[in-house]
Amino acid sequence: MTEQIIPAQLRNVSSAPVRGVVFDMDGLLLDSETLAMDALVDAGKDLGYDIPMSFCRSMIGVPADGCRRLVHEAYGVAFPMEEFFARQEVVLREYVDNGRLVLKTGVLPLLDLLDEFRIPRAIATSSSRYRTDHHLELVGLDKRFDATVTRDDVSAGKPNPEPYLKAAEKIGIEPKYCLALEDSHSGARAAHAAGIRVIVVPDLLQPADDIHEKALAIVDDLTVVRAYLQTVLKTA
(Lines give C-alpha, C1' and ligand atoms only; values in the text may rest on other atoms or scores of the structure.)
Protein backbone atom coordinates (compact mmCIF):
# COMPACT_ATOMS: atom_id res chain seq x y z
CA MET A 1 0.00 0.00 0.00
CA THR A 2 2.78 2.42 0.97
CA GLU A 3 4.74 1.64 -2.20
CA GLN A 4 1.72 2.28 -4.41
CA ILE A 5 1.33 5.93 -3.43
CA ILE A 6 5.01 6.84 -3.80
CA PRO A 7 5.48 8.56 -7.17
CA ALA A 8 7.83 6.91 -9.65
CA GLN A 9 10.34 9.77 -9.45
CA LEU A 10 10.81 9.09 -5.73
CA ARG A 11 10.96 5.30 -5.78
CA ASN A 12 14.46 5.01 -7.17
CA VAL A 13 16.01 8.16 -5.77
CA SER A 14 19.58 7.54 -4.71
CA SER A 15 20.89 10.36 -2.56
CA ALA A 16 22.29 11.27 0.83
CA PRO A 17 20.26 10.14 3.85
CA VAL A 18 17.61 12.44 5.28
CA ARG A 19 18.69 13.58 8.76
CA GLY A 20 16.59 16.74 9.05
CA VAL A 21 13.44 18.20 7.48
CA VAL A 22 12.69 21.88 6.88
CA PHE A 23 9.06 22.85 6.29
CA ASP A 24 7.49 25.91 4.78
CA MET A 25 4.42 26.96 6.80
CA ASP A 26 1.68 28.74 4.84
CA GLY A 27 0.13 26.54 2.18
CA LEU A 28 2.27 23.57 3.23
CA LEU A 29 1.53 22.94 6.91
CA LEU A 30 -1.42 25.31 7.21
CA ASP A 31 -4.33 25.83 4.82
CA SER A 32 -3.74 29.55 5.18
CA GLU A 33 -2.90 30.89 1.73
CA THR A 34 -6.55 31.15 0.69
CA LEU A 35 -7.28 33.07 3.89
CA ALA A 36 -4.34 35.40 3.27
CA MET A 37 -5.46 36.04 -0.32
CA ASP A 38 -9.04 36.77 0.77
CA ALA A 39 -7.69 39.13 3.44
CA LEU A 40 -5.65 41.03 0.83
CA VAL A 41 -8.70 41.47 -1.39
CA ASP A 42 -10.84 42.62 1.56
CA ALA A 43 -8.13 44.99 2.81
CA GLY A 44 -7.99 46.58 -0.62
CA LYS A 45 -11.76 47.02 -0.70
CA ASP A 46 -11.69 48.63 2.74
CA LEU A 47 -9.26 51.21 1.36
CA GLY A 48 -11.20 51.77 -1.86
CA TYR A 49 -9.10 49.59 -4.19
CA ASP A 50 -10.32 46.70 -6.33
CA ILE A 51 -7.34 44.35 -6.15
CA PRO A 52 -7.84 41.18 -8.23
CA MET A 53 -7.17 37.76 -6.76
CA SER A 54 -4.72 37.02 -9.58
CA PHE A 55 -2.51 39.87 -8.39
CA CYS A 56 -2.74 38.73 -4.77
CA ARG A 57 -1.61 35.25 -5.76
CA SER A 58 1.53 36.74 -7.31
CA MET A 59 2.64 37.52 -3.74
CA ILE A 60 2.43 33.92 -2.51
CA GLY A 61 5.73 32.89 -0.92
CA VAL A 62 7.25 36.34 -1.47
CA PRO A 63 8.80 38.11 1.55
CA ALA A 64 7.37 41.44 2.74
CA ASP A 65 9.82 43.68 0.86
CA GLY A 66 9.11 41.84 -2.38
CA CYS A 67 5.36 42.15 -1.86
CA ARG A 68 5.74 45.88 -1.34
CA ARG A 69 7.69 46.20 -4.57
CA LEU A 70 4.96 44.35 -6.47
CA VAL A 71 2.26 46.62 -5.03
CA HIS A 72 4.23 49.78 -5.77
CA GLU A 73 4.81 48.68 -9.35
CA ALA A 74 1.12 47.88 -9.86
CA TYR A 75 -0.55 50.73 -7.93
CA GLY A 76 2.05 53.48 -7.69
CA VAL A 77 3.91 55.13 -4.85
CA ALA A 78 0.75 56.91 -3.62
CA PHE A 79 -0.84 53.59 -2.64
CA PRO A 80 -1.41 53.43 1.16
CA MET A 81 1.03 50.57 1.61
CA GLU A 82 1.30 50.40 5.39
CA GLU A 83 -2.45 50.77 5.88
CA PHE A 84 -3.06 48.03 3.32
CA PHE A 85 -0.84 45.41 4.93
CA ALA A 86 -1.87 46.42 8.45
CA ARG A 87 -5.51 46.00 7.45
CA GLN A 88 -4.74 42.62 5.90
CA GLU A 89 -3.23 41.47 9.21
CA VAL A 90 -6.38 42.53 11.07
CA VAL A 91 -8.71 40.79 8.60
CA LEU A 92 -6.57 37.64 8.52
CA ARG A 93 -6.47 37.53 12.32
CA GLU A 94 -10.28 37.72 12.34
CA TYR A 95 -10.51 34.81 9.91
CA VAL A 96 -8.05 32.74 11.92
CA ASP A 97 -9.56 33.47 15.30
CA ASN A 98 -12.99 32.55 13.94
CA GLY A 99 -11.84 29.00 13.29
CA ARG A 100 -11.05 29.14 9.58
CA LEU A 101 -7.40 28.05 9.94
CA VAL A 102 -6.88 24.29 9.54
CA LEU A 103 -3.99 21.90 8.92
CA LYS A 104 -3.21 20.57 5.47
CA THR A 105 -3.70 16.88 4.75
CA GLY A 106 -1.08 14.58 6.26
CA VAL A 107 0.65 17.03 8.62
CA LEU A 108 0.23 15.18 11.91
CA PRO A 109 1.07 11.66 10.62
CA LEU A 110 4.24 13.06 9.02
CA LEU A 111 5.32 14.78 12.22
CA ASP A 112 4.58 11.58 14.17
CA LEU A 113 6.86 9.67 11.81
CA LEU A 114 9.67 12.18 12.35
CA ASP A 115 9.15 11.80 16.11
CA GLU A 116 9.41 8.02 15.76
CA PHE A 117 12.78 8.27 13.99
CA ARG A 118 13.94 11.27 16.06
CA ILE A 119 14.46 13.43 12.99
CA PRO A 120 14.97 17.12 13.83
CA ARG A 121 12.77 19.55 11.98
CA ALA A 122 12.42 23.30 11.45
CA ILE A 123 10.14 25.80 9.77
CA ALA A 124 11.42 28.37 7.25
CA THR A 125 8.62 30.82 6.50
CA SER A 126 8.11 34.20 4.86
CA SER A 127 5.56 35.09 7.55
CA SER A 128 6.36 37.36 10.48
CA ARG A 129 7.37 36.03 13.88
CA TYR A 130 4.10 37.30 15.33
CA ARG A 131 1.94 35.56 12.74
CA THR A 132 4.03 32.38 12.80
CA ASP A 133 3.90 31.93 16.58
CA HIS A 134 0.19 32.78 16.74
CA HIS A 135 -0.82 30.40 13.96
CA LEU A 136 1.31 27.49 15.16
CA GLU A 137 -0.03 27.80 18.69
CA LEU A 138 -3.61 28.02 17.45
CA VAL A 139 -3.38 24.74 15.53
CA GLY A 140 -1.33 22.98 18.21
CA LEU A 141 1.97 22.78 16.32
CA ASP A 142 3.98 25.18 18.46
CA LYS A 143 5.75 22.32 20.29
CA ARG A 144 6.30 20.10 17.26
CA PHE A 145 9.35 21.87 15.77
CA ASP A 146 12.92 22.29 16.98
CA ALA A 147 13.31 25.74 15.38
CA THR A 148 11.42 28.34 13.38
CA VAL A 149 12.96 30.88 11.03
CA THR A 150 10.65 33.74 10.05
CA ARG A 151 11.05 36.77 7.82
CA ASP A 152 12.06 38.72 10.94
CA ASP A 153 15.05 36.41 11.48
CA VAL A 154 16.80 36.91 8.14
CA SER A 155 18.21 39.77 6.11
CA ALA A 156 16.98 38.32 2.80
CA GLY A 157 13.82 36.26 2.36
CA LYS A 158 12.91 33.58 -0.18
CA PRO A 159 13.94 32.97 -2.96
CA ASN A 160 17.24 33.84 -1.28
CA PRO A 161 18.61 30.68 0.37
CA GLU A 162 19.21 32.39 3.74
CA PRO A 163 15.99 31.14 5.44
CA TYR A 164 16.80 27.54 4.58
CA LEU A 165 20.47 27.80 5.44
CA LYS A 166 19.59 29.32 8.80
CA ALA A 167 16.95 26.66 9.50
CA ALA A 168 19.43 23.87 8.73
CA GLU A 169 21.99 25.53 10.98
CA LYS A 170 19.48 25.81 13.82
CA ILE A 171 18.74 22.08 13.79
CA GLY A 172 22.43 21.24 13.36
CA ILE A 173 22.08 19.37 10.07
CA GLU A 174 24.16 20.03 6.95
CA PRO A 175 22.00 21.19 4.01
CA LYS A 176 22.92 18.13 1.93
CA TYR A 177 21.37 15.91 4.62
CA CYS A 178 18.15 17.95 4.84
CA LEU A 179 14.89 17.63 2.95
CA ALA A 180 12.79 20.74 2.28
CA LEU A 181 9.03 20.68 1.84
CA GLU A 182 7.51 23.60 -0.06
CA ASP A 183 4.41 24.72 -1.92
CA SER A 184 5.59 27.97 -3.52
CA HIS A 185 7.92 28.83 -6.40
CA SER A 186 10.09 31.17 -4.34
CA GLY A 187 10.35 28.65 -1.52
CA ALA A 188 11.40 25.82 -3.79
CA ARG A 189 13.98 28.08 -5.41
CA ALA A 190 15.30 29.09 -2.00
CA ALA A 191 15.70 25.50 -0.85
CA HIS A 192 17.41 24.49 -4.08
CA ALA A 193 19.77 27.46 -3.85
CA ALA A 194 20.65 26.38 -0.31
CA GLY A 195 21.70 22.96 -1.58
CA ILE A 196 18.71 21.25 0.04
CA ARG A 197 16.64 18.63 -1.76
CA VAL A 198 13.06 19.80 -2.08
CA ILE A 199 9.73 18.08 -2.55
CA VAL A 200 6.99 20.44 -3.73
CA VAL A 201 3.37 20.06 -2.61
CA PRO A 202 1.49 22.65 -4.70
CA ASP A 203 -1.25 24.69 -3.03
CA LEU A 204 -2.71 27.63 -4.97
CA LEU A 205 0.05 27.83 -7.60
CA GLN A 206 1.03 25.11 -10.02
CA PRO A 207 4.81 24.64 -10.33
CA ALA A 208 6.66 26.63 -12.98
CA ASP A 209 8.91 24.80 -15.45
CA ASP A 210 12.07 25.49 -13.46
CA ILE A 211 10.45 24.06 -10.31
CA HIS A 212 9.94 20.73 -12.07
CA GLU A 213 13.66 20.75 -12.81
CA LYS A 214 14.72 21.75 -9.28
CA ALA A 215 12.37 19.54 -7.25
CA LEU A 216 13.01 15.99 -6.20
CA ALA A 217 9.31 15.44 -6.91
CA ILE A 218 5.96 17.22 -7.19
CA VAL A 219 3.37 15.42 -5.04
CA ASP A 220 -0.29 15.81 -4.12
CA ASP A 221 -0.03 16.07 -0.33
CA LEU A 222 2.11 15.30 2.71
CA THR A 223 0.74 11.77 2.91
CA VAL A 224 2.95 10.95 -0.08
CA VAL A 225 5.94 12.56 1.63
CA ARG A 226 5.31 10.43 4.72
CA ALA A 227 5.24 7.23 2.65
CA TYR A 228 8.49 8.20 0.96
CA LEU A 229 10.24 9.10 4.22
CA GLN A 230 8.99 5.96 5.94
CA THR A 231 10.79 3.92 3.29
CA VAL A 232 13.90 6.09 3.33
CA LEU A 233 14.27 6.21 7.11
CA LYS A 234 13.70 2.48 7.59
CA THR A 235 16.45 1.63 5.13
CA ALA A 236 18.93 4.24 6.38
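The values are calculated or read from the model by the stated rules, or taken from the named source; none is laboratory data. Please read all numbers here as calculations on a predicted model, not as lab measurements. Here Cβ is always computed from backbone atoms with ideal geometry, including for glycine, and neighbour counts include all displayed protein chains. Heads up: the accessible areas ignore ligands, DNA and RNA and are worked out on the full protein's heavy atoms, side chains in. Shrake-Rupley method; radii C 1.70, N 1.55, O 1.52, S 1.80 Å.
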Expected single match for within 14 Å of the chain's Cα centre (by Cα), surrounded by fewer than 24 Cβ atoms within 10 Å (Cβ to Cβ) and of a type in the set (A, V, I, L, M) among Leu179, Leu114, Leu136 is Leu136
Selection from segment 140-150 of residues that are open to solvent by less than 30 Å² (accessible area, probe 1.4 Å), part of a loop (DSSP other than H, G, I, E, B) and under 18 Å from Leu110 (Cα atoms): Leu141, Phe145
Can we say Val62 is within 21 Å of Arg189 (Cβ to Cβ) and in contact with a strand residue (DSSP E or B) (Cβ under 8 Å, 6 or more places away or on another chain)? no
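Every residue, every condition in (1) closer than 15 Å to Ala16 by Cα; (2) in contact (Cβ under 8 Å) with a residue 24 or more places away in the chain; (3) of a type outside the set (A, V, I, L, M, F, W, C), yes or no:
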residue: Leu181; (1), (2), (3): no, yes, no
residue: His185; (1), (2), (3): no, yes, yes
residue: Arg189; (1), (2), (3): no, yes, yes
residue: Lys214; (1), (2), (3): no, yes, yes
residue: Lys234; (1), (2), (3): yes, no, yes
Checking the conditions here, which among Ser54, Ser15 is open to solvent by 40 Å² or more (accessible area, probe 1.4 Å), hydroxyl-bearing (Ser, Thr, Tyr), more than 22 Å from Leu204 (Cα to Cα) and out of contact with any Pro (no Cβ under 9 Å at 6 or more places or on another chain)? Ser15
Given the options Phe23, Phe79, name the one that is over 30 Å from Asp142 (Cβ atoms) and not small (Gly, Ala, Ser). Phe79
Being in a helix (DSSP H, G or I) and modelled with pLDDT under 95 is the filter; apply it to segment 170-186 and report the residue that is farthest from Ala147 (Cα to Cα). His185
From Asp153, Asp221, residue being open to solvent by 20 Å² or more (accessible area, probe 1.4 Å) and touching a Gly at 6+ places or on another chain (Cβ under 6 Å): Asp221
Taking Ser127 as meeting all but one of (1) out of contact with any Asp or Glu (no Cβ under 7 Å at 6 or more places or on another chain); (2) of a type in the set (S, T, N, Q); (3) buried (at least 23 other Cβ atoms within 10 Å of the Cβ), write down the number of the exception. (1)
Among (1) on the phi < 0 side of the Ramachandran plot; (2) surrounded by 16 or more Cβ atoms within 10 Å (Cβ to Cβ), where does Glu73 come up short? (2)
So for segment 109-117 (the condition being out of contact with any Gly (no Cβ under 6 Å at 6 or more places or on another chain) and under 23 Å from Pro159 (Cβ atoms)), does at least one residue qualify? no
How many residues are more than 18 Å from Arg129 (Cβ to Cβ) and outside any helix (DSSP H, G or I) if we restrict to segment 29-75? 10
Considering only segment 92-103, I want to know if a residue exists there that is in a loop (DSSP other than H, G, I, E, B) and open to solvent by 30 Å² or more (accessible area, probe 1.4 Å). yes
Could you please tell me which pairs satisfy a Cβ distance under 6 Å, a separation of 6+ or placement on different chains, a first residue in segment 16-45 that is in contact (Cβ under 8 Å) with a residue 60 or more places away in the chain and hydroxyl-bearing (Ser, Thr, Tyr), and a second residue that is part of a loop (DSSP other than H, G, I, E, B) and open to solvent by less than 10 Å² (accessible area, probe 1.4 Å)? none
Identify, please: which residue in segment 19-78 is basic (Lys, Arg) and modelled with pLDDT of 95 or more and is, among those, farthest from the chain's Cα centre (by Cα)? Lys45
Single residue of Ala86, Ala167, Ala122 found to be within 14 Å of the chain's Cα centre (by Cα), small (Gly, Ala, Ser) and assigned to a helix (DSSP H, G or I): Ala167
